[in-house]
Amino acid sequence: MGLTMNEKQSVTKQLALDYKRATKKNKGRILDSLVRLAEYNRSYAARVLRHRVTANVLARGTVAGVRITVVEDERTKRQKKPRHRPRKYGKDVLVPLQKIWLICDGICGKRLGPYLTEIIPALERLGELTIDAAVRRKLMAISPATIDRLLAPMRRRYQLKARSHTKPGTLLKQQIPIRTFSDWDEARPGFIEIDLVSHEGGDPRGDFAYTLDATDICTGWTETEAVRNRAQVWVFAGIEKVKARFPFKIRGIDSDNGGEFINSHLFNYCVEKKITFTRSRPYRKNDNCFVEQKNYSIVRRAVGYHRYDTAEELELLNQLYSVLRLYTNFFQPVMKLVEKTRTGSKVTKRYDKARTPHRRVLESRFTAKRTKGALKQEYAALNPVTLYREINRLQDRLEACIHSKHEAAQQNERSVNLEYIST
């Protein structure tokens, strides 16, 4: 039979003072004794011993016939002094870290941390970063969590929404998906997902530009091309252009159910070129999760949600994408999900080390040596800071086009109103 409540309290009172004075090893033994005697949960027993009031009698007396005992509480007798650790990462580390973070387009700490060992030597070689040896060692050893904590004041989160313009294409749905020449192999470069991103600016009337987005599943290599509208002829021309820019052979194409992709022209082309052509399930965006992610992280972040419907804007979009492809594929590290475990309602995800698409192509055993050599030469000639500045310049030109177009529309509207009033 276990101890009564009074006996448990008596035992706890006797052990509390010894527990507070004991070493860490002896505290464990005292805790084991209390758990065994009182049958407490170990965590609860430790809490009881920590917070048990051990009173020292300071004075006794009688006031107005009432007996009074004055005690001292051991919990408040010794107040803990706050520990002050010296700051390891000061302003000398924060300033270059902020510069690198801006050059890398504000990526998260989990992507930036592993990439620092590659980007810091590159920036130093190009003369864009000058730091001493001590700061360099700290930056090389900094953790992703510390990066996020130091850069938290600089982060500005925003989220915008847009409407989808995907319309189902009924033609050939019974023949796609097809797997006539090869199975999908996500461990091998060359199997890509494609999608269209609309630039209607909230007004779906008339013609406006679209961005064709193509992402390789294995390496994350992404190519983009602006097309005049969603007509099959322009979309197919865009597919041929982005296909030629990939550093490896395209072996498979996966699209959504839009009529711009599900058509006989693209179907026959894939059959002729021996490219596996598949489609996703309707209303299941996760089927195209790789390219859907790039629709925001690359396209929307670069050009926003404005309406682009002129020839000048279309040309500027493609000029921007010609620079952006170098910046994202050579200097933007990405992580890939390697394992997802579900335990009850809890889902645990594990990602691989963040690496750039360029680095993943070089590490693939399926990449030809000639291709690797060409990519290394191209990488050595690139400067991420120069690319970033050129991207900003082209973005400013796009913004200027938008503003001038809006001003012209407003001026035209005022003229129409004046004319109507005068009549």
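The C-alpha atoms of segment 349-399 occupy a region whose extents along the principal axes are 42, 36, 16 Å, arranged from largest to smallest. Counting only the Cα atoms, segment 91-154 fills a convex hull of 74 Å³ per residue.
Label sites at residue 207 and residue 386, each approximated as a point 7 angstrom past Cα along Cα to Cβ, lie 3.7 nm apart. Per-residue 3J(HN,Hα) values for segment 261-275, derived from phi via the Karplus relation 6.51 cos²θ - 1.76 cosθ + 1.60 with θ = phi - 60°, read 10, 7, 8, 5, 4, 5, 4, 5, 4, 5, 5, 5, 8, 6, 10 Hz in sequence order (x marks Gly and Pro). Whole-percent P(r), segment 222-311, all Cα pairs, 5 Å bins from 0: 3, 11, 20, 25, 25, 11, 5, 0. Treating each Cα of segment 1-47 as one equal point scatterer and applying the Debye formula with no solvent, the log10 of I(q)/I(0) at q = 0.15, 0.16, 0.24, 0.27 Å⁻¹ comes out as -0.34, -0.38, -0.84, -1.03. Rounded to the nearest whole Hz, the Karplus-based 3J(HN,Hα) values (6.51 cos²θ - 1.76 cosθ + 1.60, θ = phi - 60°) of segment 390-401 follow the sequence 5, 4, 4, 5, 5, 5, 5, 5, 5, 4, 5, 4, with x at glycine and proline. According to the Kirkwood relation over distinct C-alpha pairs, the hydrodynamic radius of segment 269-363 is 16.8 Å. By the beta-carbon count within 10 Å of each Cβ, the least crowded to most crowded order of 306, 51, 199, 265, fewest first, is 51, 265, 306, 199.
Going down the table (91/336; 249/273; 99/376; 110/340; 110/349), which pairs top 21 Å between alpha carbons? Check vs 21 Å cut-off fails for 91/336; 99/376. Annotation: amide H of residue 22 has no partner in the under-5 Å range at sequence separation 5 or more or interchain, hydrogens built in the peptide plane. Applying the Karplus relation 6.51 cos²θ - 1.76 cosθ + 1.60 with θ = phi - 60° to segment 306-323 yields 3J(HN,Hα) values of 6, 8, 10, 9, 10, 5, 5, 5, 4, 5, 5, 4, 6, 5, 5, 5, 5, 8 Hz, where x marks Gly and Pro. For residue 221, the amide hydrogen comes within under 5 Å of the amide hydrogens of 216, counting only partners 5 or more places away or on other chains and with H modelled in the peptide plane. Measuring from a point 7 Å past the Cα of residue 233 along Cα-to-C-beta, which residues in segment 204-225 have an amide N at less than 18 Å? Residues passing the 18 Å test: 207-210. Hydrodynamic radius of segment 191-407 by the Kirkwood approach over all distinct alpha-carbon pairs: 18.6 Å.
All of the numbers you see were taken from the coordinates with simple rules; none came from a lab. Treat the numbers as computed from the prediction; the structure is a model and nothing was measured. Virtual Cβ from ideal backbone geometry, glycine too; neighbours counted across all protein chains shown.
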